[in-house]
Amino acid sequence: MNLAYRDVRHNFGRFMVTCFGLSLLLGVVLAMIGIYRGLIADALELVDTIDADIWVVEKGTRGPFAESSRIPRDTRNSVARIFGIKSVGAVTFQSIETESDGKKLRLYVIGYEPGQLGGPKYITEGRGLTGRNFEAVVDSRTGLDIGDHIQLGRNGFTIVGTTVNAVSSGGEPAIYLSLDDAQKLQFDLSPSATRRERARGAVVVNSTDTVSAVIARTSPNASNDNIVKTIERWKHFAAMTEEQQGIILTQSVVEKARKQIGMFTAILILVSAVIIALIIHTMTMDKIREIATLKLIGAPDRVIIGLIVQQALAMGLIGFAMGGLLIFNIQDFFPKRLVLQPMDGLSLAGVVVVICLLSSIYGVYTALKVDPAKALAG
Amino acid sequence: MTENKKPLISIKNLSKHFGEGETRVDALRNINLDIFPEQVIGLLGPSGSGKSTLLNVIGCILEPTRGQIELDGELVYNDRWLRSDLRGLRLEKVGFIFQAHNLMPFLSSMDNVAVVLDLAGYSASAARTRAGELLEYLEVGNRVEAFPGSLSGGEAQRVAIARALANRPRIVLADEPTAALDSERAGIVMDLLRKVAIDQQAAVIVVTHDEKIYDRFDQIFHLRDGILSQT
Ligand SMILES: Nc1ncnc2c1ncn2[C@@H]1O[C@H](COP(=O)(O)OP(=O)(O)OP(=O)(O)O)[C@@H](O)[C@H]1O
Ligand SMILES: [Mg+2]
C-alpha cells in the first residue's frame, strides 16, 4: 500500500495548490534560464546568421559590434586576394529608430552588397535584394510585411522579403538594405559626425564609402588563424575568426547582463530550495501524529521515509512539469526571446530532484525522531 | 488450567517514574504480573493511577525505569531494552487498541486495517479479505470505504479494534476499547476479544471504567498510585 499516494489522493486539492504555487516559482526559474539563453542567443544570432569565417575591422577596435569600426569598402578586394579566401562581402551596421503604424520601432540596419556575403541567410517570404534602390528585407520580428513602406532617414523603403534569425545583440530585429542605401542613410542621419570623420580622414579615403567590416568565407582546407595573422600584419586592419567574434559578443557586449541574470537565476534556485524545504517540513509536521501512529503499529523506518520522500519528489516534479508547461505556453508573450533548451529543462529537473531529496532530509530527520508515544496523547 | 502453561506476559519488579525531584511521579511501583494464553484480564483504577502507563510499557512504547518484561518467552527488557527492533516486535506480536484510536485520516476504514497486514507482508487481496471479515464482524462492514473523519466515535473505535487484531497478535493491549460503545456493541467487542484469546492463544489486557463488562474478565487487577493489586 503506497501511503504517500493515499495521503495525496485524500488531500488532493491541497496538494495540487501546493504544486501550483511551486510551479509558478519553478516557472520563473525556467523563464530566467530561458532569458539567459535568449540573451546569449540574441548576441550570437547575427554572427551565426552571417556565418563568416573571418571578420576584418578597423585597427585597434574590437568591432563592429563591441566597438564601432570604419574601414574603406574596397578593403574587400585586398582581402579577396588572400590565398584561401573563397568569398567576401562588405557590411555596415547601425541601430536606428523609426515609426511604423504610429508605433516606435527600433531596427538594426544591415547594409550589404547584394550577391556578396552579409545578406539574409534565408528568405522566408518574397525575394532578396537585387541591387535596386530603396528596397529592404526585414526580420519577421519587425512585424512588417511584404509591400509595406517604411521611412528611414530621408527615404522611404519598400519591403520585398522577410527573413528570420536576424537580430542585433541588443535584440533589435534587422532590416537589410543595399550597401549604397545603408551608407546614404548613415550619411543622412549623422551629417555632423560624418563631417568630423571626413576631417579626420586618416583611414577614410573616400569618406562616405566606408563600411563597418569586411567579412570573408574561407575554403575548407585553409587555416583561418593564418589568414587572420596575415591581415593583422596590414597597417590599418584588425582581423578575427568567427569564434573570436562570438567570444567578444558574449564576453564583452552582454557580459554584465549575462552575469546579472545568471546571478539572479542562482538566487531564485536558492529561494526555491528554501521554499521546497519549508513546504516539505510543514507537510511532515502536519503528519507527525500519523507518523507516530505508524511507529506504534510497527511500521519500519523505510515506510516513513518513503512517505516523506515520495511526496517531496512528487511535489517537486509535478510542480516542475506544471511550471515548464506554463512557461512553454507563454514564452511568445515575452518581449525578448526565451530560449528553452531541453537540456536546461532536464538539468533544472535534476536540480529540483536533488533539492527535494536534500529538503526531505530535515523532514525525515524530524519524523524519525518522533516518539511513538506522541500519538497516544488524546 | 492456565497454571501449567508458560506466561505470555511476565513482568517482574517493574517500576516507572516520570520526572525527577519535586516533579517526580511514580506511575508504576514494583509491579509483578503474569498473564497466560487464553486469559482476558481487566485493569481498573482511578484516573492517573498508571493504567495507560502500564499498557504502554508492556507494549514497548514507553521505556520503564527498572525491572523485567518478558513477552512470549522473550526477555525484552531487563533494566534496559534488550531488543533493538521494538517496532518489529510490536508488528508481529502486539495488537494495541489506543485510547484515542489513532486512525490514519487519509486511509479508508478498510485500508486502516489492511495497512498493518501490508506491513506484515500479506498480499493486497489477502489483506483486504482479512480486514473485510474483521470489519464485518464488528458491524462496520458498511463503512469500509469511509474515511475516519466521517466515522462516528464508536465506528472509529471498532475500526481501531479491527486494526489491532488484524495481524493475529498474541498479546492484545486495549485501552478503554468500549468507552464509545453501547452495551450491545461493547458485548460484541468483548466476545471478539474472548474469541481471539482462545483462537490465537492470546493474552488480552483491557483497561476499562466500563462496569457493564466487568463480568467478562477472568481476573481483575486494580492499580492505585502505581501499585497493583488483584481482587
Ligand atoms: N509523559 C509523562 N510525563 C510525566 N508524567 C506522566 C506522563 N505520562 C503519565 N504521567 C503521569 O503518570 C501518572 C499515570 O498516568 P496514566 O496515563 O498511566 O494514568 P491512567 O491510569 O491511564 O489515567 P486515565 O484513566 O485518566 O487514562 C499520572 O499521574 C500522569 O500524570
Ligand atoms: Mg489512560
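Site pair A:LYS256 and A:THR98 shows an inter-label distance of 3.0 nm when each label is modelled 7 Å from Cα along Cα→Cβ. Between B:LEU82, B:LEU54, B:LEU103, the Gaussian network model of chain B with springs among Cα atoms under 10 angstrom shows the greatest mean-square fluctuation at B:LEU82.
Between the residues A:ILE54, A:LEU294, B:PHE147, the greatest Cα displacement towards the positive end of the dipole of the protein assembly as shown, with unit charges on the Cβ of Lys, Arg, Asp and Glu, is found for A:ILE54.
The C-alpha atoms of chain B define a longest principal axis, and helix B:183-199 lies at about 70 degrees to it. Taken along the Cα-to-beta-carbon direction at a fixed 7 Å, the label points for A:ASP225 and A:PHE264 span 3.9 nm. When all alpha carbon pairs of the protein assembly as shown are counted in 20 Å bins from zero, the resulting P(r) reads 17, 30, 17, 15, 16, 5, 0 %.
Note down the Stokes-Einstein diffusion coefficient of chain B in µm²/s, whole number, using a Kirkwood radius over alpha carbon pairs, 20 °C, and 1.002 mPa s. Here the translational diffusion coefficient equals 119 µm²/s.
Farthest toward the positive end of the dipole of the protein assembly as shown, out of B:ALA127, B:PHE18, B:ALA197, is the Cα of B:PHE18, where the dipole comes from beta carbon charges about the Cα centre. Within the straight-line cut-off of under 29 Å between alpha carbons, the lysines reachable from A:LYS86 are A:LYS59, A:LYS121, A:LYS184, A:LYS229, A:LYS235, sequence neighbours fewer than 8 places apart in one chain being disregarded. For the stretch A:8-61, the calculated P(r), taken from all Cα-Cα distances in 5 Å bins from zero up to the bin holding the longest distance, is 5, 14, 11, 12, 11, 9, 8, 7, 6, 5, 4, 3, 2, 2, 0 percent.
Rounded to the nearest 20, the Cβ-based charge dipole of the stretch A:1-103 about its Cα centre (Lys and Arg +1, Asp and Glu -1) stands at 360 debye. Please go through the stretch A:271-346 and write out the chymotrypsin sites (Phe, Trp or Tyr not before Pro) that DSSP classes as loop and that have at most 11 other C-beta atoms within 10 Å. When the chymotrypsin sites (Phe, Trp or Tyr not before Pro) of the stretch A:271-346 are filtered for loop state and at most 11 Cβ neighbours within 10 Å, nothing remains. In this structure, the residue pairs whose Cα-Cα separation is over 32 Å, taken from A:LYS104/A:LYS256; A:LYS259/A:LYS287; A:LYS287/B:LYS93, are A:LYS259/A:LYS287.
When chain A is treated as a Gaussian network with alpha carbon springs shorter than 10 Å, the biggest mean-square fluctuation among A:ASP148, A:ASP51, A:ASP180 belongs to A:ASP148. Placing a label point 7 Å from the Cα of A:LEU278 along the Cα-to-Cβ direction, the residues of the stretch A:335-357 whose backbone N falls under 19 Å from that point are A:352, A:355-357. Legend: helices of chain A (whole DSSP H runs) are marked when their alpha-carbon atoms reach 20 angstrom or more along the helix axis and their mean Kyte-Doolittle hydropathy is at least 1.6; marked are A:301-330. Candidates B:PHE106, A:MET263, A:VAL339 compared by Cα position along the dipole of the protein assembly as shown: farthest toward the positive end lies A:MET263, with charges placed on Cβ. Of all stretches in chain A that contain no trypsin sites (Lys or Arg not before Pro) in a DSSP loop with at most 13 other Cβ atoms within 10 Å, the longest one is A:236-335.
Note on A:GLN244 and A:VAL164: the extension gain reaches 26.4 nm, defined as 0.36 nm multiplied by sequence separation minus the Cα-Cα distance. Spin-label pair A:LEU368-A:ASN77: with each label point 7 Å from Cα along the Cα-Cβ axis, the two points sit 8.1 nm from one another. Counting only Cβ charges, +1 for Lys and Arg and -1 for Asp and Glu, the dipole size of chain A around its Cα centre is about 800 debye.
Just so you know, all these numbers are worked out from the coordinates, no wet-lab data involved. Nothing here was measured: the structure is a model prediction, and the numbers come from that model. Cβ coordinates were reconstructed from backbone atoms using ideal geometry, including for glycine residues, and neighbour counts include every protein chain displayed.
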